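Down below is the structure, laid out as structure tokens.
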Amino acid sequence: MDPLYEVIAPHIQRDEHSATKPVPPTSNAQITTYLNRLGTLSLSDLTSTEPASLLQNAQSHVRNLQALSKRSHKAIISSASYLEKLQDLLPGFGQKAGQLKEELPQLESAASDFAKKYDRSTDNEVLERRKRAMLLSRNVDRVSDVLELPSLLSSTVAAAQASSSTSASTSATSYASALDLHAHIKRLMGLYPNSELIAGISKQAEAEINDLTTILITTLQSPGLKLATAMRTVGWLRRVALELADDSATPSKPATALSTRSFDVSSTHRPDDGALGSLFLVCRLHALHAMFSALEPLRDLADQESAQRPTQPQKQTPQNSTTSSSSAFGTQTERYLKRYLELFREQSFAILSMYRSVFPPDSSSPQTPTTNQDPLLPLPPPVSSFALHLVSLLQDTLRAYLPNIPDKPARESLLTQVLYCAGSLGRLGADFGLMIAVLEEEGEGAAAGGEGAEPEWVQVVRKHRVQASRLEVLARGVGSGGARKAVSPGAGVVAG
């Protein structure tokens, strides 16, 4: 093959720009195969058929190249353009690879610091904070419900205030809901005493409960307070205002006799009532003064007669009729005192009887005297002082306006009305009937007649006893049903 190749090598067409020597036949398998084939052909084949075969093969290759170029010219062009760009990209890629190699230690150090920072095997503040955040995210509905408790309590208190004047059942439901919400907030405060969120909610709830306490106290001051409403209101106050129900500083003791009769108005009081009894009495006293303020026009007229009393001569005529001018004097005062006594009798009996029902006496605990304590303690029940205060109010009013009435029958009628009022309160152990004797001694024109005559209050008491005995006989069944009604505590005064 080598001699044959040397013979045909000068005739091989090469690129005129190529300065390389012909390739040896042993370096190319195709050249070696073709030279081996030429060695097997005869001379005639070499001169006749071989050139035609080579021409045919060349044309076939040309057609194949044309078809390939037509079919894949776009891919070839793209490959050529990418190949040109690859020369520019390779240096940049090498530069970036070098930078990455230089920064790999820093990346490894940062990864090590991150793994050390968020290591779960030790106490990690960041992880704990993230755990709390995730826990808050999972319980956001519960937290929102807790945050809505103050606003819900506020709306419940507002609903209770709005419905207190319309529907008793609705207001009772609203009060009960508000108290349940407050109890729930206090329970949360006990479970989580160190939580700032619960502390803030509890502070807002206390403000709303103070408003609720104000509403309840205002309810106790209403003029038309009923026993059922009073008992419910005091029960709610026991749950809301615990400081009012704390009675540790004022233990009870039996009240002493403060009048001719046994002043046993709740001689012992329950130890868990605390200041609620005093609060109840103060509220009812406020309502009583509000009712008395409705008599302001009549009292103004009575004050005018009081201003004219020093210059108006009083003629005491126990049997003869007075003149028209003297009979007209004191009429306005009589009207005022009648209305005042009617209102006083009705409301004083209602207040004391309601107090006994709301705060029943506790007789189960025996009273054992102690020697090593303050002689001024324990204090008596507040109702004892309250009854005395009511009597002092009536006494001051009678002392101020009764001298304005010169007419003896009118004055006796008023004193009889006072005795009926005293008998009404006497059913509760607060009889003050002998107060008219003190008024008789202090009055300016209260004498019955001339010297040696019987005092007026004695005559009034005697007549009252006669009337009371007759009414008692009728009440036992001798009389009609109307007589029984006349002796009830709320009945009107029977004039003699």
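Here are the numbers:
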{"quantity": "Estimated vicinal HN-Hα couplings, Hz - the range 394-411 in sequence order (Karplus 6.51, -1.76, 1.60; Gly, Pro = x)", "calculated": "5, 5, 5, 5, 5, 5, 7, 10, 5, x, 6, 9, x, 6, 5, x, 5, 5"}
{"quantity": "Cβ-based exposure ranking for LYS338, LYS226, in which fewest neighbours within 10 Å come first", "calculated": "LYS226, LYS338"}
{"quantity": "Footprinting exposure proxy for GLU196, GLU334 (fewest neighbouring C-beta atoms within 10 Å first)", "calculated": "GLU196, GLU334"}
{"quantity": "Protection proxy ranking, peptides 49-56, 296-303, 388-395, average beta carbon neighbours within 10 Å, highest first", "calculated": "388-395, 296-303, 49-56"}
{"quantity": "Difference of contour (0.36 nm per residue) and Cα-Cα distance, LEU38 to LYS85", "calculated": "12.4 nm"}
{"quantity": "Estimated vicinal HN-Hα couplings, Hz - the range 380-390 in sequence order (Karplus 6.51, -1.76, 1.60; Gly, Pro = x)", "calculated": "x, x, x, 5, 5, 5, 5, 4, 4, 5, 4"}
{"quantity": "Euclidean distance of C-alpha centroids, the range 55-94 and the range 174-208, integer Å", "calculated": "84 Å"}
{"quantity": "Using a Förster distance of 22 Å, the FRET efficiency for THR173-GLU243 (Cβ separation, nearest 0.05)", "calculated": "0.30"}
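Bear in mind these aren't lab numbers, they're just calculated from the coordinates by the rules spelled out. Note that the coordinates shown come from a computational prediction; the quantities given were computed from them, not determined experimentally. With ideal geometry, Cβ positions are generated from the backbone for all residues, glycine too; neighbour counts draw on all protein chains shown.
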